[in-house]
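Read through the structure below, which is laid out as structure tokens, and then see the notes.
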Amino acid sequence: MESSTNTPLEQLTAIKRMMEQSSRFVSLSGWSGIVAGSLALLGSYAAYTVLHSSSSPETMITQLWLIAGLVFITAFTASFLFTYRASKQQGIPIWGSASKRLLWHTFLPIAIGGLLILKLLDLEIYSLIVGVSLIFYGLGLVNGSKFTLGEVRFLGYGQLALGLFDLAVPGYSLWCWAAGFGVLHIIYGVIMWSRYERTAPTQTNTL
């Protein structure tokens, strides 16, 4: 006969889980990383095609900006939709205190990096843009990882390593960009899906 009363250990585990959900945003979807990484790889291929075309430098810059903007908008939209779906399934508000802390600590370094990139563009120092973008993106992930799942931190470490490599070894910027924003995101997404979504039980409503 099963007892309906939880043991002290089960109660402590439940309390710990509730505290973690209130302090960390855990509704991240592995599909967000997979889709964002796939879009980044498509964008990298498109950028490679543009860079090896016979277009003028001005046309190339315009086309590269269009590719980057399209990839960012579609990846951000897809990530939001998958995260929103995961939040609904888990019954966790997508705009709670934990998600606000995550966004602030993640996007603050990224915003600072964006301002630095704008200055590099103004100075026409294009060789540093990819490395700087990877480094500040990695810093944002590492900084925000304490408010979400730990896998985000390791994704940030990978971005930092690629950014430093790009600054130290010129000539591989596009490859580093594709590896960081593309391949690493896909690997991260597959790991997240495998750990948290593949075996997650389907929630059913009870009366």
Inset, instruction - Could you check how many residues of region 46-84 are of a type in the set (A, V, I, L, M, F, W, C), touching a residue at least 60 places away in the same chain (Cβ under 8 Å) and open to solvent by 60 Å² or more (accessible area, probe 1.4 Å)? - result: 1
Inset, instruction - Hey, could you check region 92-105 for residues that are without any contact (Cβ under 8 Å) to a residue 60 or more places away in the chain and surrounded by fewer than 17 Cβ atoms within 10 Å (Cβ to Cβ) and say which is farthest from the chain's Cα centre (by Cα)? - result: Pro93
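Go through region 79-105 and report how many residues are touching a Phe, Trp or Tyr at 6+ places or on another chain (Cβ under 8 Å) and not basic (Lys, Arg).
Keep residues of region 79-105 that are touching a Phe, Trp or Tyr at 6+ places or on another chain (Cβ under 8 Å), which gives 82, 92, 94, 96, 98-99, 101-102, 105.
Right, trim to not basic (Lys, Arg) and you get 82, 92, 94, 96, 98-99, 102, 105.
Of the residues in that region, 8 qualify.
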Inset, instruction - Please identify the pairs in which a residue from region 106-123 that is hydroxyl-bearing (Ser, Thr, Tyr) has its Cβ atom under 9 Å from the Cβ atom of a residue that is part of a helix (DSSP H, G or I) and open to solvent by less than 60 Å² (accessible area, probe 1.4 Å), counting only partners at least 6 apart or on another chain. - result: Thr106/Gly140; Thr106/Leu141; Thr106/Asn143; Thr106/Gly144; Thr106/Ser145; Thr106/Phe147; Thr106/Val152
Inset, instruction - Provide a single number: the residues in region 162-197 that are under 16 Å from Thr83 (Cα atoms), open to solvent by 40 Å² or more (accessible area, probe 1.4 Å) and among the aromatic types (Phe, Trp, Tyr). - result: 2
Legend entry - Number of the condition not met by Glu124 [criteria: (1) closer than 24 Å to Gly144 by Cα; (2) outside any helix (DSSP H, G or I); (3) open to solvent by 50 Å² or more (accessible area, probe 1.4 Å)]: (1)
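Looking at Gly37, Gly43, can you tell me which residue is open to solvent by less than 60 Å² (accessible area, probe 1.4 Å), under 24 Å from Ser194 (Cα atoms), modelled with pLDDT of 90 or more and of a type outside the set (Ser, Thr, Tyr)?
Only one candidate qualifies: Gly37.
When you look at Gly140, is it under 28 Å from Gly96 (Cα atoms), touching a residue at least 12 places away in the same chain (Cβ under 8 Å), buried (at least 19 other Cβ atoms within 10 Å of the Cβ) and not hydrophobic (A, V, I, L, M, F, W, C), yes or no?
Working: under 28 Å from Gly96 (Cα atoms): yes; touching a residue at least 12 places away in the same chain (Cβ under 8 Å): yes; buried (at least 19 other Cβ atoms within 10 Å of the Cβ): yes; not hydrophobic (A, V, I, L, M, F, W, C): yes.
Taking the combined requirement at face value, the residue satisfies it.
The values are calculated or read from the model by the stated rules, or taken from the named source; none is laboratory data. Keep in mind it's a predicted model, so treat the numbers as computed, not measured. Cβ atoms come from the backbone with ideal geometry, glycine included; neighbour counts cover every protein chain shown. Just so you know, the surface numbers come from the protein's heavy atoms only, side chains and all, with ligands and any DNA or RNA stripped out. Shrake-Rupley method; radii C 1.70, N 1.55, O 1.52, S 1.80 Å.
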